[in-house]
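Below is one structure, written out as structure tokens, with a few remarks after it.
The values are calculated or read from the model by the stated rules, or taken from the named source; none is laboratory data. Just so we're clear, the structure is a prediction, and the values are computed from it rather than from any experiment. Please note: Cβ atoms are built from the backbone with ideal geometry, for glycine as well, and neighbour counts cover all protein chains shown. Surface accessibility is based on the protein's heavy atoms, side chains included, excluding ligands, DNA and RNA. Shrake-Rupley method; radii C 1.70, N 1.55, O 1.52, S 1.80 Å.
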Amino acid sequence: TEWIKVAKQLPTKDFIDANLSVKVTLDWYFDAMEQGLAELFAEGGEDLEVCVIGHSIGGWVARAYLGGLSGSSTAVYRLAQDRVSSLVTLGTPHTSPESALVDQTRGLLREIASSPECSSQTLADRGIQITCVGSSGLSGKIITTELEEIIAATSYLPLVGRLGDVKGDGIVPTDLAFMESPARSVEIEKCLETGNAVRHAHVLPTPWNLIDGSAPSLSLPDDIVWYGSPGVIGQWLKYVE
């Protein structure tokens, strides 16, 4: 839930103008990634091959890091450029289309998506296999008796600028969940164990996360399944390389 730290940029002019800098705004996230990678290399050695798995914003932050937008020049970063073999994103929005009613990332995703170094082709040329996993389990509808479909519509509409045929995980529509080829696209819909629709997450952040990013989130009911649930993981785990 530490992604909620981005909200601390709310008062700035760059936020209002949707012109946030990836390097400046997400420096704390890049630092956390490097700390985690440093621990992996310390334990597994410099010959260790790493697959980075990113959920939601974590997917495009990892993409930005691997593409060099962090501005890092540390030994860990240089080693990661050589030893990361794959990237798997789960429920990650990869584009901010012109049709969107609002840029919810305030320019961050636009910078990443427009950077040649962050493209799937450039990353693939460097030996990084990308797999984008997105759920089509929930339709977004305004006229319906299903509350979840109404909630999904309020998320999809600002992101893609339309309703009707839009499906997704309740937060991120499938229209945005996949990168261009040669990235692999994996669309899932239901949990193989319960048959329930695959949703974006099984928890909700709270205002306390603005103060403490590691503070507990609100757990959703047990029948809520997401990308990390049993019966769902197996649908994408084989792409961890």
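General observations
- The chain: relative contact order as a whole-number percent, Cα under 8 Å and 6+ apart: 20
- Model label zone, THR12; criterion: amide N under 15 Å from point 7 Å along Cα-to-beta-carbon; scope the stretch 67-95: 70-71
- Scalar couplings 3J(HN,Hα) for the stretch 128-135, obtained by applying the Karplus form with A = 6.51, B = -1.76, C = 1.60 to θ = phi - 60°, are 9, 7, 10, 10, 10, 10, x, 9 Hz; x denotes Gly and Pro.
- Subset of LYS141/LYS190; LYS23/LYS238; LYS167/LYS238 violating a 22 Å alpha-carbon distance limit: LYS23/LYS238; LYS167/LYS238
- Computed [θ] at 222 nm, deg cm²/dmol, the chain (DSSP H ≥ 4; -39,500 (n - 2.57); rounded to nearest 500): -8500 deg cm²/dmol
- The chain, accessible area per residue, ligands and nucleic acids excluded (1.4 Å, Å²): 50
- Shown here for the stretch 77-154: GluC sites (Glu not before Pro) in loop regions (DSSP other than H, G, I, E, B) with at most 12 other Cβ atoms within 10 Å, namely GLU98, GLU146.
- Heavy-atom accessible surface of the chain: percent carbon and sulfur, 1.4 Å: 55
- Percent breakdown of C-alpha pair distances by 10 Å bin, ordered from the shortest bin, for the stretch 1-143: 11, 40, 34, 13, 3, 0
- Other-chain or far-sequence residues with amide H under 5 Å of ARG184's (modelled H): ILE130, THR131, CYS132
- Dipole magnitude (debye, nearest 20) for the chain, charges at Cβ of Lys, Arg, Asp, Glu: 440
- Distant-in-sequence amide H partners of TRP226 (H built 1.01 Å from N, under 5 Å): ARG199
- Rounded to the nearest Hz, the phi-derived 3J(HN,Hα) couplings of the stretch 151-158 under the Karplus curve 6.51 cos²θ - 1.76 cosθ + 1.60 (θ = phi - 60°) are 4, 4, 4, 5, 8, 5, 4, x, where x marks glycine and proline.
- Phi to ³J(HN,Hα) by Karplus 6.51 cos²θ - 1.76 cosθ + 1.60 over the stretch 100-105, Hz, x for Gly, Pro: 4, 6, 7, 8, 5, 8
- Across the stretch 14-96, Cα-Cα pairs farther apart than 23 Å form 21% of the total.
- Once Rg and the Kirkwood radius are both taken over the C-alpha atoms of the chain, their ratio Rg/Rh works out to 0.95.
- Within-12-Å neighbourhood charge of ALA152 [Cβ basis; K, R +1; D, E -1]: -1
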